[in-house]
2 protein chains.
Amino acid sequence: MCEARVFLEKEGKILPFMDNVVTIKPENEKLLLIDLFGNRKYIDASIKELKLLEHEVILEEKE
Amino acid sequence: MCEARVFLEKEGKILPFMDNVVTIKPENEKLLLIDLFGNRKYIDASIKELKLLEHEVILEEKE
């Protein structure tokens with residue numbers, strides 16, 4: 001499976017934000033994250049970096 | 001393996017851009033894409049959407 005751990009970069013720190021994420025897409029000017037279990041989170045951020053082999057996604061908070 | 005097929009959205013069309021991509025990261029104000037075999041491409045775009053279960057990444061050309 002290719003679900004990812006999503007981290008959020010905020011004020012120079014990188015913190016875990018959501019696990020087992022399968023979809024990230026823009027919706028209503030935010031990013032919608034959906035995990036394997038159908039849980040949804042919205043965040044005002046953009047996608048900065050993908051590390052697919054490590055199953056990691058880095059988001060960057062919008063200013 | 002979790003390599004992805006990367007598509008580029010440009011003028012309303014979505015076209016295949018690069019296969020077997022394992023890393024996408026910002027570098028020199030562009031995005032650097034690296035595939036499984038170490039091939040590298042730069043593109044002036046941002047990451048729009050991730051569909052990890054489908055192994056697809058959608059990029060959006062910068063205006």
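Here are the numbers for this structure:
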| read-out | value |
| --- | --- |
| Breaking point among (1) in contact (Cβ under 8 Å) with a residue 12 or more places away in the chain; (2) under 17 Å from A:E54 (Cα atoms); (3) within 10 Å of chain A (Cβ to nearest Cβ); (4) of a type outside the set (D, E, K, R), for B:T23 | (1) |
| Qualifying residues in segment B:33-59 (those that are small (G, A, S) and in contact with a strand residue (DSSP E or B) (Cβ under 8 Å, 6 or more places away or on another chain)) - the one modelled with the highest pLDDT | B:A45 |
| Residue list for segment B:1-60, filter: in a loop (DSSP other than H, G, I, E, B) and open to solvent by 60 Å² or more (accessible area, probe 1.4 Å) | B:M1, B:E11, B:G12, B:N28, B:E29, B:L36, B:F37, B:N39, B:D44, B:L53, B:E54, B:H55 |
| Enumeration of residues in segment A:15-32 that are modelled with pLDDT under 95 and over 10 Å from the mean Cα position of the chain (by Cα) | A:P26, A:E27, A:N28, A:E29, A:K30 |
| Filter result (within 12 Å of chain B (Cβ to nearest Cβ) and either among the acidic types (D, E) or under 14 Å from A:R5 (Cα atoms) (or both)) within segment A:37-49 | A:I47, A:K48, A:E49 |
| Out of B:L31, B:L52, B:L8, sole residue that is of a type in the set (A, V, I, L, M, F, W, C) and at the interface with another protein chain (Cβ under 7 Å from one of its Cβ atoms) | B:L52 |
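The values are calculated or read from the model by the stated rules, or taken from the named source; none is laboratory data. Bear in mind that the values here come from a model prediction, so they are computed numbers and not experimental data. With ideal geometry, Cβ positions are generated from the backbone for all residues, glycine too; neighbour counts draw on all protein chains shown. Heads up: the accessible areas ignore ligands, DNA and RNA and are worked out on the full protein's heavy atoms, side chains in. Shrake-Rupley method; radii C 1.70, N 1.55, O 1.52, S 1.80 Å.
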